[in-house]
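Chemist: Once you've had a glance at the structure underneath, I'll fire off some questions.
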Amino acid sequence: MGITGVQLFSLPVSDQDRARDFYVGVLGFELVADTGMGPSMRWVQVRPPGGATSITLATWFDSMPAGSARGAVLETDDLEGDVVRLGALGVAVDGEVPEALWGRFVTFADPDGNGIVLQSTS
């Protein structure tokens, strides 16, 4: 096998503009692409600054309704600061910051309800 990494994965959203604004404006991701894919479809791709893996904000998967994704894990080097920043921007972070053997984490959802884990393993 010649697999060298994960290029991208898709998150199901209902409104690509709203999702793009959340991932770029709230989470600080880079907008990689926002282009038409035909008369009624767009390719909206975002990624963390300098990240190797991107996310497509997809509306076209019937088998993946908006908000149905769970388990996207984002790594941070400032968990406490990010929790404060998310709260100031109106993002509801679930509970306290638990300690695990491998690090600390919190969970929250994007505007469609896709579940996201924000963790610090350092």
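A short reminder: the numbers here are calculations on the coordinates, not readings from a lab. Treat the numbers as computed from the prediction; the structure is a model and nothing was measured. Positions of Cβ are generated from backbone atoms using ideal geometry, with glycine treated the same way; all protein chains shown enter the neighbour counts.
Chemist: Considering the options Gly90, Thr35, Phe9, tell which one lies farthest towards the positive end of the dipole of region 8-120, charges being +1 on Lys and Arg and -1 on Asp and Glu at the Cβ, about the Cα centre.
Modeler: Of the candidates, Thr35 comes out farthest on the positive side.
Chemist: Roughly how many debye, to the nearest 20, is the charge dipole of the chain about its Cα centre, given +1 on each Lys and Arg Cβ, -1 on each Asp and Glu Cβ, and no other charges? Intermediate results must be reported in sequence, preceding the final value.
Modeler: Working: 7 positive and 16 negative charges, 67 e Å.
About 320 debye.
Chemist: Now a separate question. Angle between the Cα long axis of helix 79-88 and the longest principal axis of the chain, 0 to 90 degrees, nearest 10?
Modeler: That works out to roughly 60 degrees.
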